[in-house]
Amino acid sequence: MTYRFGAWTGILAFAAALTGVLVLVLTSPSSVGAEENAIQAGAPVFASTCKVCHGRIAEVDSDIVDFRHATHMWAACSSCHVRFPHTPAGTETPDMLECWACHGLRHGPMGLIAGEACEKCHADRTGLRPESHTPDWAETPHVEPAEERLRTECAMCHTHAQCDVCHDELGVQWRSMSFTFDVGNGCLSCHGNPDLAKASRNGTESLYVTGIEHSAHRDNTCGECHVDFNYTDTQPATPLWRINVGFACAACHLEDHADIVAEYDESLHGRLIAEGDYTSATCSSCHGGHDISRLDTDRARRDLHFASEEMCAECHRVEWDTYDDYYHGRAYKRGAPDAPACWDCHGSHEVREVADPDSMMYVTNAIAVCGDCHPGSDESFIEQSADLIHGRSAARDGNPVLRWWRSMRGRG
């Protein structure tokens with residue numbers, strides 16, 4: 001009886017398993033109608049969403065492009081499909097702009113990350129002319145579009161030299177400040193992924209970019225700042241993108257803030273960079289990058305005032321830790337709005353060594369600087385108080401009475 005019961009149990013278990021397999025087969029995407037395998041229009045473009053139907057897709061049937069999903073599966077689905085592709089009107093395929101987020105891009109030290117030869121994907125290139133290329137394209141109609149979309153469209157296919165050929169024949173004089181293709185914010189197709197990260201000697205480093213939509217640079221494209229991530233073979237100014245992006249700041253702000261650019265060039269930081277010391281500070285070292293704020297509100301200006309540790313202490317930790325006298329450093333660190341930040345005394349773009357006669361803290365210049373808060377300051381006042389600003393701890397530790405008093409209170 002026991003044997004028969006066990007046998008029937010095994011048979012029933014096998015039958016249940018077989019039924020489950022049949023259900024999976026009969027309800028798989030290949031065996032049911034579209035109405036039974038409903039597409040979740042507007043769903044997030046995640047692999048888990050796509051693989052319901054596209055779990056085994058490798059090649060794509062197309063009359064105009066030779067494309068294989070298999071060679072792109074290293075990237076997230078959303079890298080190409082920035083929007084959910086299935087709509088009531090049909091399936092949207094990625095624009096060429098999405099392809100150029102990788103193809104033809106020289107990704108800093110990585111070099112070319114994907115080939116840019118059009119014929120690799122487009123055997124027949126006759127149908128690739130954009131809508132802006134009207135039949136009379138060679139005449140006046142191309143001037144206005146070129147002025148508006150020179151870097152975002154024209155430079156995708158055309159080089160500066162190609163334009164010169166036609167213009168020289170016609171005797172047309174033209175000038176372009178830059179002819180480097182700008183893909184816009186296509187970099188976010190990868191760097192907009194919260195999971196994008198790499199291993200570094202300090203652990204896992206996130207490459208997820210945030211804060212742009214609320215920053216002072218929200219209307220800028222990635223390539224306007226990251227000039228060494230581009231579509232040309234032009235060598236960057238230095239091997240470090242952090243330094244190169246600082247040069248991009250100067251190029252953009254030169255028109256409105258030429259005085260600030262000149263001050264930085266003559267400053268301690270600027271001179272060190274010019275001499276090849278890339279550990280010195282650039283614009284982004286102090287101001288930040290993707291999340292840099294506008295200064296058009298009281299809150300933003302207050303946040304800037306109290307950003308000394310974030311801006312300066314990474315390089316000047318000793319000076320920050322010893323900025324602890326009662327009326328300056330300690331008050332500042334406790335949030336006193338009238339206590340000075342680092343740059344109130346040392347300068348910002350024009351900062352120099354204290355021993356430099358042009359430094360704000362050079363003894364003869366410090367009289368005027370300190371006089372803004374301490375009327376009647378003179379040279380003797382500066383000499384007597386200067387060492388205490390960053391030296392309260394040292395002075396306290398060197399005082400035997402204070403040392404005894406602290407030991408009695410259990411403070412060492």
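General observations
- Each residue in region 242-267 was checked for being touching a residue at least 60 places away in the same chain (Cβ under 8 Å) and surrounded by fewer than 18 Cβ atoms within 10 Å (Cβ to Cβ), and 3 pass.
- Checked against the criterion of being assigned to a loop (DSSP other than H, G, I, E, B) and surrounded by 14 or more Cβ atoms within 10 Å (Cβ to Cβ), the candidates ALA366, ALA355, ALA339 yield just one match: ALA339.
- All conditions in (1) assigned to a loop (DSSP other than H, G, I, E, B); (2) without any contact (Cβ under 8 Å) to a residue 24 or more places away in the chain; (3) within 28 Å of CYS225 (Cβ to Cβ) hold for ASP136, with the sole exception of (3).
- Residue match in region 248-255 (condition: outside the structural domain of LEU388 (by TED's automatic domain parsing) and either within 29 Å of ALA336 (Cα to Cα) or part of a loop (DSSP other than H, G, I, E, B) (or both)): yes
- Per-region count, region 138-176, residues modelled with pLDDT under 80 and either of a type in the set (A, V, I, L, M, F, W, C) or within 19 Å of THR232 (Cα to Cα) (or both): 3
- Of the residues making up region 176-219, those that are surrounded by 16 or more Cβ atoms within 10 Å (Cβ to Cβ), within 11 Å of the chain's Cα centre (by Cα) and assigned to a loop (DSSP other than H, G, I, E, B) number 5.
- Cross-chain or 6+ apart pairs with Cβ under 8 Å, region 356-372 first and of a type in the set (Asp, Glu), then not in a loop (DSSP other than H, G, I, E, B): ASP356/LEU268; ASP358/ASN365
The values are calculated or read from the model by the stated rules, or taken from the named source; none is laboratory data. No experiment lies behind these values; they were computed from the predicted model shown. Every residue, glycine among them, receives a Cβ derived from its backbone with ideal geometry; neighbour counts consider all protein chains shown.
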